[in-house]
Structure formats: structure tokens, C-alpha cells
Amino acid sequence: MTEEEAEAIHRIVVMGPSASGKTVVGRALAAALDLPFEDADDFHAPTSVDKMSRGEPLDEADRAPWLDALASRLASTPALVLACSALGRAHRDALRVGGVRFVFLDAPASVLLERLQQREGHFAGTDLLPSQLARLEAPGEDETDVVTVVSVGTIDEVAARAARALAARRGDE
């Protein structure tokens, strides 16, 4: 990616269900683009974290203040890579501020489950995967600010594919 292409991409939301690689790929992408990184998990209310820790999915009432906080953060930050599930179209619409671009990390359910089974110390466990997949609305063709990247391979490979897809999409405009 050229310097000019990197400068044109300032706010990126790396999205997908649990264990799609949002945090690890988001960190690698942020490092590659020399942008700061934040994780939307850090913006959840303690009651939401408790709920998810019990294996209970969040509802829209739980998500609304969280999405508002994330949209405010994106709007007030000139450059940021944010890891965020953004599972539904309405969630992405709420985050569409200030030229945000999305990277949808797509992986088979079997890969997500395997990753969740190996993950330790995170509040989102295997019990939440079915609700995450049921809630997921894959980006539509009209969501031209979203690139889809298959989240299989090494972290660096997936991050490189994401950077290339963002640059290519930027070139299409």
C-alpha cells in the first residue's frame, strides 16, 4: 500500500462474529497502517460483560448505548482501527461516521468454534457463537464501504489481505 493510500484510510472498523480475529487482525492492520487501535469490548457496560460471561446474548437495548459510545469515539478521532462485532446492518449504520471503512472478517462456523474453544480469559465463550451467527447480517452489495476478507491463515496474512482490499476499494471510488 502506498503512503497516499494509507493516508486516505483513517477510520476502520474490523468486524465479524466472536473469534473471527477482530482484535488480533485489527492490531496487525493498525500497526501496518501506523494507526491507533482500540477494541469495542472495552466500551461495554459492566452489566453487558456480566451478561455475556453467563452466555447470554446482548439485546438491542444493551447494544444501543455501546454503539452510541463507539460512534462518538469514531467521530472524535481522526484516525483509528476499531475491533467491533457490528453484526447487523443497523449496527454498521450507527458507526458510519466520518468516512468509516469496514473490514468484514469472514470465517466458517467450524473455525470460529475451534478458536473459541482454544481461547482463554475472554468473556465471550462458545455459548454465544450460535446467537452471534444468527444475528450476523453479512454486508450487502450496497454497503460499498465494506470489504470482505476471509479470516483464515496467519494474522499477518489476513491483515495484509485486509490492507490490500481497503486500498483496492479506495481505488474504485
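The values are calculated or read from the model by the stated rules, or taken from the named source; none is laboratory data. Remember, it's a predicted structure, so these values are computed and weren't measured experimentally. Cβ placement follows ideal geometry from the backbone for every residue including glycine, while neighbour counts extend to all protein chains displayed.
So, Gly21, is that one over 19 Å from Pro78 (Cα atoms), among the small types (Gly, Ala, Ser) and either modelled with pLDDT of 95 or more or in contact with a strand residue (DSSP E or B) (Cβ under 6 Å, 6 or more places away or on another chain) (or both) or not? Outline the logic, then answer.
On the way: over 19 Å from Pro78 (Cα atoms): yes; among the small types (Gly, Ala, Ser): yes; either modelled with pLDDT of 95 or more or in contact with a strand residue (DSSP E or B) (Cβ under 6 Å, 6 or more places away or on another chain) (or both): yes.
Yes, satisfied.
Could you look through region 57-71, keep only residues that are free of Cβ contacts under 8 Å to residues at least 24 places away in the same chain and outside any helix (DSSP H, G or I), and pick out the one that is surrounded by the fewest Cβ atoms within 10 Å (Cβ to Cβ)? Taking the candidates together, the pick is Asp59. The set of residues from region 18-30 being surrounded by fewer than 23 Cβ atoms within 10 Å (Cβ to Cβ) and β-branched (Val, Ile, Thr) comprises Thr23, Val24. Every listed requirement among (1) part of a loop (DSSP other than H, G, I, E, B); (2) within 14 Å of the chain's Cα centre (by Cα); (3) surrounded by fewer than 16 Cβ atoms within 10 Å (Cβ to Cβ) is met by Gly98 save one, (2).
Could we say that Leu95 is in contact with a His (Cβ under 9 Å, 6 or more places away or on another chain), modelled with pLDDT of 95 or more and under 28 Å from Glu60 (Cβ atoms) here? Walk me through how you get there before you give the answer.
Numbers: in contact with a His (Cβ under 9 Å, 6 or more places away or on another chain): no; modelled with pLDDT of 95 or more: yes; under 28 Å from Glu60 (Cβ atoms): yes.
Answer is no for this residue.
Look at region 73-98: where a residue is farther than 18 Å from Glu143 by Cβ and a partner is hydrophobic (A, V, I, L, M, F, W, C) and surrounded by fewer than 23 Cβ atoms within 10 Å (Cβ to Cβ), sitting 6+ places away or on another chain with Cβ atoms under 6 Å, you get Ala75/Val97; Ala79/Leu35; Val81/Ala30; Val81/Leu35; Val81/Phe37.
Can you find a residue in region 43-50 that is hydrophobic (A, V, I, L, M, F, W, C), without any contact (Cβ under 8 Å) to a residue 60 or more places away in the chain and assigned to a loop (DSSP other than H, G, I, E, B)? Steps first, please.
Of region 43-50, the ones hydrophobic (A, V, I, L, M, F, W, C) are 43, 45, 49.
Now narrow it down to the ones that are without any contact (Cβ under 8 Å) to a residue 60 or more places away in the chain: 43, 45.
Those still in the list that are assigned to a loop (DSSP other than H, G, I, E, B) too: 45.
Yes.
Annotation note: of Phe102, Phe43, the sole residue that is over 27 Å from Ala167 (Cα atoms), aromatic (Phe, Trp, Tyr) and in contact with a helix residue (DSSP H, G or I) (Cβ under 7 Å, 6 or more places away or on another chain) is Phe43.
All of (1) in a strand (DSSP E or B); (2) surrounded by fewer than 21 Cβ atoms within 10 Å (Cβ to Cβ); (3) of a type in the set (A, V, I, L, M) hold for Leu105 with one exception: (2).
Do we have any residue at all in region 31-39 that's at pLDDT below 90, assigned to a helix (DSSP H, G or I) and buried (at least 17 other Cβ atoms within 10 Å of the Cβ)?
Of region 31-39, the ones at pLDDT below 90 are none.
No, every residue in region 31-39 fails to be at pLDDT below 90, assigned to a helix (DSSP H, G or I) and buried (at least 17 other Cβ atoms within 10 Å of the Cβ).
One residue stands out in region 48-63 among those that are touching a helix residue (DSSP H, G or I) at 6+ places or on another chain (Cβ under 9 Å) and of a type in the set (Gly, Ala, Ser): the one that is modelled with the lowest pLDDT, namely Gly55.
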